[in-house]
Amino acid sequence: AKTRIVMGYFQQLHFVNNVAEEIELLIRKSSRFSILDTCQFRRRIAVHIRLGDYRTSTSAKNFHGLTSIGYYLRAIENLHQQTGMEEVLIISDEPDVAEELILPKINNKTFSVHVDRTGDAIQHLAKIANSAAIVGSNSTFSWWGAWLATRKYRANVVMPRPWFADASIMMSKLMDTNWILLERNLEL
């Protein structure tokens, strides 16, 4: 069998849903990605805080926008009210910065918050994809974690709106109709 590499922007929900079973089969068969299927399910709110170049690169920040911490706090509270879940797992490409931003503002009397500092990107994606509730950022990484969790567990998902810094860029084909879209403010 030939290996094919396809590059592009594949967050059109109908494209992915049309080959969902094939994607799931390939994940299960893959030595690298099977953890997405075998990772233990947790009744928790997984929060993906995308920082990195969204925070440090002017062009990335101008196009994608850096989501304010207020969005994440509102989304956590929204999911807590819906589900009663109090365990919160923070996953970020900059865990120390994410912790500095969110921990002082979250109600630690209500929530048990853990910032994940272990594992690689695939392990982090597996933790998101095997959580009962997800707070996503405007990131492909969040999107795929939410999609996988929705397929497998019908996870409760909150995603930011607008997806891009320019709110006029369409995102209607991006989101599952069961996901909650929550307005986000941008950090300047």
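The values are calculated or read from the model by the stated rules, or taken from the named source; none is laboratory data. These numbers were taken from a predicted model, which means no experiment stands behind them. All Cβ positions, glycine included, derive from the backbone under ideal geometry; neighbour counts span all protein chains shown. Remember, those area values only see protein heavy atoms, side chains included, never the ligands or the DNA or RNA. Shrake-Rupley method; radii C 1.70, N 1.55, O 1.52, S 1.80 Å.
Quick one: grab the alpha carbon gyration tensor of segment 79-165, order the square roots of its eigenvalues as a ≥ b ≥ c, and give me rounded if a/c is under 1.5, else prolate or oblate depending on whether a/b is larger than b/c. Write down the numbers at each step before the final one.
On the way: a/c = 1.34, a/b = 1.15, b/c = 1.17.
Rounded is the answer for segment 79-165, as its axis ratio a/c remains below 1.5.
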_Cα convex hull volume per residue for the chain (Å³)_ = 123 Å³
*For q = 0.15, 0.23, 0.28 Å⁻¹, Debye-computed log10 I/I(0) when each Cα of segment 84-132 counts as one equal scatterer*: -0.41, -0.90, -1.13
_the chain: relative contact order in percent, alpha carbon pairs under 8 Å with at least 6 residues between_ = 28 percent
*asked:* Filter LYS2/LYS127; LYS2/LYS61; LYS109/LYS173; LYS152/LYS173; LYS2/LYS29; LYS29/LYS61 down to the pairs with a C-alpha to C-alpha distance above 27 Å, please.
replied: LYS2/LYS127; LYS2/LYS61; LYS109/LYS173; LYS29/LYS61
*ASN185 versus PHE164, label points 7 Å from Cα toward the beta carbon: distance in nm?*
2.4 nm
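Specify whether the C-alpha gyration tensor of segment 18-60 places it in the rounded, prolate or oblate class, a ≥ b ≥ c being the square roots of the eigenvalues: rounded for a/c under 1.5, otherwise prolate if a/b is larger than b/c and oblate if not.
Taking the square roots of the gyration eigenvalues as a ≥ b ≥ c, segment 18-60 is prolate.
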_How big is the dipole moment of the chain about its Cα centre under a simple scheme where the beta carbon of each Lys and Arg is +1, that of each Asp and Glu is -1, and everything else is neutral? Debye, nearest 20, please._
460 debye
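Apply the a/c threshold of 1.5 to the C-alpha gyration tensor of segment 1-84 and tell me whether it is rounded, prolate or oblate.
Taking the square roots of the gyration eigenvalues as a ≥ b ≥ c, segment 1-84 is oblate.
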_Amide N of segment 118-153 lying under 15 Å from the label point, which is placed 7 angstrom from the Cα of PHE15 along Cα→Cβ_ = 140-141, 143-144
_Percent carbon-and-sulfur accessible area, segment 15-91, ignoring ligands, DNA and RNA, probe 1.4 Å_ = 50 percent
*Accessible solvent surface per residue of segment 35-188, calculated while the other protein chains remain in place, 1.4 angstrom probe, Å²*: 47 Å²
*Which value, in debye to the nearest 20, gives the size of the charge dipole of segment 110-188 about its Cα centre, when Lys and Arg are +1 and Asp and Glu are -1 at the Cβ?*
300 debye
*Residue farthest toward the positive end of the dipole of the chain, with Cβ of Lys/Arg at +1 and Asp/Glu at -1: which of GLY119, VAL16, HIS48?*
VAL16
*Would you mind telling me the antiparallel percentage of the DSSP bridges in the chain, rounded to 5?*
10 percent
*Which one of THR140, LEU182, ALA165 has its Cα pushed farthest toward the positive end of the charge dipole of the chain, where Lys and Arg give +1 and Asp and Glu give -1 at the Cβ?*
THR140
